[in-house]
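Comments concern the structure below.
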Amino acid sequence: MELEQIKNSNGEKMKRTIKLAVVAALALGTTSAFATNGSALIGEGAITRGMAGTGIGMSHGAESALVNPALITTVDGTEVEFGGTLFMPDVKNTWNGTTSESSANKNVIPEVSLATKVNDNFYWGVGMWGTAGMGTDYRTSASQMNMVTNLQLMQFGVPLAYKTGGLSLAVTPLLQYGALDINYDAHGMAGINSVGAGIAQDLEMGYNLGASYTNSGLTIGAVYKSQINMRYSGVLANAMNPMVSAMSGGTQSYTNNTLSTPAEVGAGMSYKFGGSTLAFDFKQIQWSKAKGYDDFGWKDQNVFSVGYEYATKDWAARLGYNYAKSPITDSANALNNTFNLLGFPAIVESHYAVGGSYNFNPHTSVDLAVTYAPKVTDTYTSISGDMTTTHAQTGVSAQLDYKF
């Protein structure tokens, strides 16, 4: 009877923990988020972010649900992780001799992951993640057309994994929520004043596929994430069409309102020796094939990340580095350059990370991570002279883990 009471007590505690995590994720999921690799975050939870997003070929327990769902097969029972990232981008824009700082400089990004072992072969989980976003806020700066942009993406997924021997295969059906807003005031430039259709939202389905194989300390993994076509009624067309028409003498119009989350394909590996694990990931984010991003001239990104972890029974320390060339460049299309730098300045390239974990007991631990992207400065040809943008990022992640 006593053992049964303990089990019931743990079950009730876990139910309350999960409910709190869900409420927190829903409450925070509507915040805007700046991004790292283009508009995609490098990793979701504090463990992955402490290794600069590395995790396709290295398990991080329940947190692997979004990085590579095949690796949730390393949990021994049930594991739940919930936390978030305080993201602090530092963006400044100089145009026609005036420099302004974006007010979108603090964002909270939630993450909740759960994974459980059903038997020796079958594992499943559930998660909610703030996965991507971007935005600037120059609403008090007329010199920057009072530009305000805000993209928010959040995914809900149920990873399903099968394991036999060292091989694991997984699929994660996804439901993605997105919201997009673009508004500005051209103050009479080309006859254009206030522009903005308000926030548009969409819900669309997608999926992730994952595979991994582990043998004698070596783990290799592969992932594919489907493209998700998000439709934001009126937003892109309303924002772009006045400028397109003015620059073409009224002979052209822009009608697209789809901004797709791009497909990703990647592979990774890790090797464990003693208390140390060294991991390496490569993935390609296919911006050039994503509707909307292709119109703005975004290029595919090849993302390289390396991470190191040293773990003991009581604690772990992590380091990581992530690099991807910016998906936007100075092009012949001055209008694209203007919207990219002023509204969606995805120009940072290198990211450094440090993190760690502390185990309070066999069931409870806490994870912390800090990521930093050094300042990058780019100058592009805009619709009115040159435009220069500087962009740096700092992120602090915290997460609580519970195993039972």
- Under a 5 Å amide H to amide H cut-off, with H placed in plane at 1.01 Å, what residues pair with residue 85 once short-range neighbours are removed? 109
- Could you work out how far apart the two model spin labels at residue 241 and residue 203 are, taking each label as a point 7 Å from the Cα in the direction of the beta carbon, and quote it in nm? 2.8
- Whole-Hz ³J(HN,Hα) from phi, Karplus 6.51 cos²θ - 1.76 cosθ + 1.60, for segment 59-73, glycine and proline x: 6, 10, x, 4, 5, 6, 3, 9, 6, 8, x, 5, 8, 5, 6
- Only Cα pairs under 8 Å and at least 6 apart count here; give the relative contact order of the chain as a rounded whole percent. 18
- Task: Would you mind computing, in nm to one decimal, how far apart the modelled labels at residue 271 and residue 88 are, each placed 7 Å from Cα along Cα→Cβ?
- Result: 3.8
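Place the peptides 297-303, 149-155 in order of packing, highest mean first, counting for every residue the other Cβ atoms within 10 Å and averaging per peptide.
Working: 297-303: 19.9, 149-155: 23.6.
Peptide ranking by packing, descending: 149-155, 297-303.
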- Based solely on C-alpha atoms, express the radius of gyration and the Dmax of the chain in angstrom. 22.0, 82
- Item | For the chain, calculated [θ]222 nm from helices alone, where every DSSP H run of n ≥ 4 adds -39500 (n - 2.57) | -4500 deg cm²/dmol
- Report, in degrees rounded to the nearest 10, the 0 to 90 angle that the Cα long axis of helix 2-28 makes with the longest principal axis of the chain. 10
- Could you give the distance between the Cα centres of segment 336-397 and segment 242-271, to the whole Å? 21
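With a Förster radius of 25 Å, plug the Cβ-Cβ distance of residue 189 and residue 253 into 1/(1 + (r/R0)^6) and report the FRET value to the nearest 0.05. Mind dumping the intermediate values first?
On the way: r = 18 Å, r/R0 = 0.74.
After rounding, the FRET efficiency stands at 0.85.
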- Query: For helix 334-343, what angle does its Cα long axis make with the longest principal axis of the chain, in degrees from 0 to 90 and rounded to 10?
  - Reply: 50
- Task: Report the one residue of 387, 253, 188 whose Cα lies farthest in the direction of the positive end of the charge dipole of the chain (charges on C-beta: Lys and Arg +1, Asp and Glu -1; origin at the Cα centre).
- Result: 253
- Task: Could you state the angle between the C-alpha long axis of helix 235-247 and the longest principal axis of the C-alpha atoms of the chain, as a value from 0 to 90 degrees rounded to the nearest 10?
- Result: 30
- Message: What distance in nm lies between label points placed 7 Å from Cα along the C-beta direction at residue 164 and residue 388?
- Response: 6.2
- Message: How big is the dipole moment of the chain about its Cα centre under a simple scheme where the beta carbon of each Lys and Arg is +1, that of each Asp and Glu is -1, and everything else is neutral? Debye, nearest 20, please.
- Response: 300
- Farthest toward positive dipole pole in segment 2-403 [+1 Lys/Arg, -1 Asp/Glu at C-beta], among 345, 170, 50: 170
- Note on the structure: Charge tally for neighbours of residue 386 with beta carbon under 14 Å away, counting Lys, Arg as +1 and Asp, Glu as -1, is -2
- Query: What ranking, highest mean first, results for peptides 102-109, 124-131, 235-242, 64-71 when packing means the other Cβ atoms within 10 Å averaged over each residue?
  - Reply: 64-71, 124-131, 235-242, 102-109
- Message: In the chain, if the dipole is taken from +1 on Lys/Arg beta carbons and -1 on Asp/Glu beta carbons about the Cα centre, which of 74, 305, 316 is farthest to the positive end?
- Response: 74
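Laboratory data are not the source of any read-out in this text; all were calculated from the coordinates shown. Source: prediction; values computed, not measured. Every residue, glycine among them, receives a Cβ derived from its backbone with ideal geometry; neighbour counts consider all protein chains shown.
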